[in-house]
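Worksheet: one structure, shown below.
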Amino acid sequence: MQADRDPRRAGRPGDGERLRVSRRRVLVAGGAVLLTTTIAAIASEHGGQQRPPNAAGGRGAPPAARDSHPAPEPGHQRLAHRAARPAQHEQPRLPYGHPMYDVNDGPKTVALTIDDGPSPVYTPQVLQVLHRYGVTASFSMVGRNAAAYPGVAGEVAAAGHMIVNHTWNHYDLARMTAVGVQDEIARAADAIHAATGQLPNMFRAPYGFWSPAVFTYCARERLTPLAWSVDPRDWSRPGVRAIVRTITKNTRTGSIILEHDGGGNRSQTVAALKIWLPQLLDAGYRFTTP
């Protein structure tokens with residue numbers, strides 16, 4: 001015998017079924033709240049912004065949109081001397097494997113870089129000329145020289161000039177292993193930091209010889225690779241007039257000029273600096289650091 005059925009309840013779930021549906025709704029709502037809370041927490045850890053899966057740098061981004069610097073190798077530990085670097089100004093972000101050849105800081109703006117010191121003889125003379133004309137330069141220091149003449153290195157830093165890591169021994173890094181490259185750069189960083197209280201955030205390869213091992217280490221340690229675009233070859237002592245002529249003839253907006261205060265007799269460099277520096281200033285050039 002068929003049980004009586006209320007026509008108003010036809011097609012509706014029974015009490016037991018309604019209870020199960022209600023429980024499912026509660027579970028779904030609870031899961032949604034939990035998911036929303038989790039996403040918000042993750043977003044807050046990353047600056048409060050949520051990236052869609054295909055945003056630049058995110059999962060599924062095209063290769064050109066991703067950071068071109070390689071990630072540190074698993075198990076790599078940063079060296080103990082990697083303290084916070086002094087805030088000079090924000091460095092440009094370069095593609096992996098490309099050193100900086102010029103500066104971009106407005107019309108007729110150039111940079112002067114001075115390598116291989118510090119020298120107890122020539123660095124103070126260079127500092128005097130720069131002070132006379134109110135010019136700030138970048139000094140690429142060799143670590144063993146900074147360790148040998150910490151007082152001179154300290155004078156460079158105290159005068160407000162930028163300091164660049166130029167290895168410990170000034171070896172050709174392109175002929176060295178990755179371990180040797182790391183030792184040359186890290187040891188120089190220690191010596192420069194001890195002498196000046198600063199930890200350079202730029203690196204210049206001796207002779208301008210770069211290698212994958214050098215670029216990888218620079219990327220890992222956040223060192224901007226620094227090259228040059230005007231080279232008077234003052235290290236070869238070509239004569240004061242030749243140095244002046246090369247610099248004044250080839251300097252353009254954005255040029256990075258290379259000179260030396262260490263590694264030998266730099267009397268021609270100092271004499272030439274006294275000539276071409278005021279000439280460029282009179283021509284409307286101004287100096288910045290990379």
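The values are calculated or read from the model by the stated rules, or taken from the named source; none is laboratory data. The structure presented is a predicted model; accordingly, all values stated were derived computationally and were not measured. Neighbour counts are summed over all protein chains in view; Cβ atoms, including those assigned to glycine, are modelled from backbone coordinates with ideal geometry.
Here are a few things to note about the model shown:
- Any chance Pro225 is buried (at least 22 other Cβ atoms within 10 Å of the Cβ), touching a residue at least 60 places away in the same chain (Cβ under 8 Å) and within 23 Å of the chain's Cα centre (by Cα): no
- Between Pro225, Pro238, Pro200, Pro232, the distinction of being of a type outside the set (A, V, I, L, M, F, W, C), assigned to a strand (DSSP E or B) and within 25 Å of Ser119 (Cα to Cα) belongs to Pro225 only.
- Flag for Val135 being of a type in the set (A, V, I, L, M), surrounded by 24 or more Cβ atoms within 10 Å (Cβ to Cβ), in contact with a strand residue (DSSP E or B) (Cβ under 8 Å, 6 or more places away or on another chain) and in contact (Cβ under 8 Å) with a residue 40 or more places away in the chain: no
- Each residue in the range 96-128 was checked for being surrounded by fewer than 19 Cβ atoms within 10 Å (Cβ to Cβ) and of a type in the set (A, V, I, L, M), and 1 pass.
- Residue that is touching a Gly at 6+ places or on another chain (Cβ under 9 Å) and free of Cβ contacts under 8 Å to residues at least 60 places away in the same chain, where the choices are Arg237, Arg241: Arg237
- The residues in the range 81-134 that are part of a loop (DSSP other than H, G, I, E, B) and modelled with pLDDT of 85 or more can be counted, and the count is 19.
- Conditions (1) more than 18 Å from Thr136 (Cβ to Cβ); (2) of a type in the set (Gly, Ala, Ser); (3) surrounded by fewer than 19 Cβ atoms within 10 Å (Cβ to Cβ); number of the one not met by Gly254: (1)
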